[in-house]
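> Have a look at this one.
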Amino acid sequence: MLIATFNANSIRSRMDVILRWLADHKPDALCIQETKVQDAEFPRRPIEDAGYHVVFKGQKAYNGVALLSRTPPAEVSAGLDDEPRDEPRLLHAKIGPVHIVNTYVPQGRDIHHEMYAYKLAWFGRLRRFFDQRFKKTDLLVWAGDLNVAAEPIDVHSPELYGNHVCYHEGARDAFAKCRAWGFVDVFRKHHPEPGHYTFFDYRTPDAVNKGVGWRIDYLLASPALAEKCTGAAIDLKPRLESKPSDHTVLMAEFDL
DNA sequence: ATGGTCGGCAACCGA
């Protein structure tokens, strides 16, 4: 079973890239973040014509999540279990035997901004969401753009970014505490060496070739599911298209 | 040094 995640930075602008990726890789599930579209305007038809089911929750201009799957999704829900639910940032569904939680974690803007405190609290609320809904023996994936680099090797120049909202100690601690539910970072498990990134800023010229990136997108699996992971990879192609997203596609294969 | 480039959406905000 192939599961993938992609921050599209507008699903409507990225539809060609997404349809090509689906045709090339035939994933069983694809989590998308930053769809940037209201539900009434969501482009469901081209996705269904490609042979995929799709559930989504969006809003005008910002945020938005979608979950594509080859088999019909079950137990679909949007948002955290307390207020504010932030529905355009979290989508849960069961695809076959696997629970998938697709999140677009708040970026935080600046470490002194109230949105940064909100981001740190969001990880705590998400930990309670996992505690209340799932057991370690469940087959569970936490996927998405988590807007945080876990370790020094997950940023191209960690010494520059101690005060960046995606690398500041507070964000890394909050992420670590949430991950401590029991999640295994399946990409890192298969690729322990440095130099692997999922995001390359649009504003850095030739960022991919220069290796100026961040690893802020993840596929995190419950212990029971991580055991069944046979490989993981980052596909740079969606970052190198003529109209690229600033994110890559991250995928993992599970023996199910 | 505080940029640079995108997308949405109609002026700038968010990343």
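Throughout, read-outs are computed from the coordinates displayed, never taken from laboratory work. Source: prediction; values computed, not measured. Because the Cβ atoms are built from the backbone with ideal geometry, glycine has one as well, and the counts that use them run over all protein chains shown.
> Run through the stretch A:56-126 and list the chymotrypsin sites (Phe, Trp or Tyr not before Pro) located in a DSSP loop whose Cβ has at most 16 other Cβ atoms within 10 Å.
On the way: sites: A:Phe56, A:Tyr62, A:Tyr104, A:Tyr116, A:Tyr118, A:Trp122, A:Phe123; in loops: A:Tyr62.
Of the chymotrypsin sites (Phe, Trp or Tyr not before Pro), the ones in loops of the stretch A:56-126 whose Cβ has at most 16 other Cβ atoms within 10 Å are A:Tyr62.
> Further question: Treating the Cα atoms of the stretch A:2-254 as identical point scatterers in vacuum, please give the log10 of the normalised Debye intensity I(q)/I(0) at q = 0.09, 0.10, 0.14, 0.16 Å⁻¹, two decimals.
-0.34, -0.43, -0.90, -1.23
> While we're here: For a test of understanding, tell me how many lysine pairs in chain A have Cα atoms under 19 Å apart, given they are 8 or more places apart or on different chains.
18
> A further question on this structure: Taking loop as defined by DSSP and a crowding limit of 14 other beta carbons within 10 Å, which trypsin sites (Lys or Arg not before Pro) in the stretch A:25-80 fit?
When the trypsin sites (Lys or Arg not before Pro) of the stretch A:25-80 are filtered for loop state and at most 14 Cβ neighbours within 10 Å, A:Lys60 remain.
> Could you list the trypsin sites (Lys or Arg not before Pro) in the stretch A:114-174 that lie in coil according to DSSP, counting only those with at most 13 other Cβ atoms within 10 Å of their Cβ?
Those that pass, being in a loop and sparsely packed, are A:Lys135, A:Lys136.
> Which value, in nm² and rounded to one decimal, describes the direction-averaged projected area of the C-alpha convex hull of the stretch A:22-78?
Computing the convex hull of the Cα atoms and averaging its projections yields 3.9 nm².
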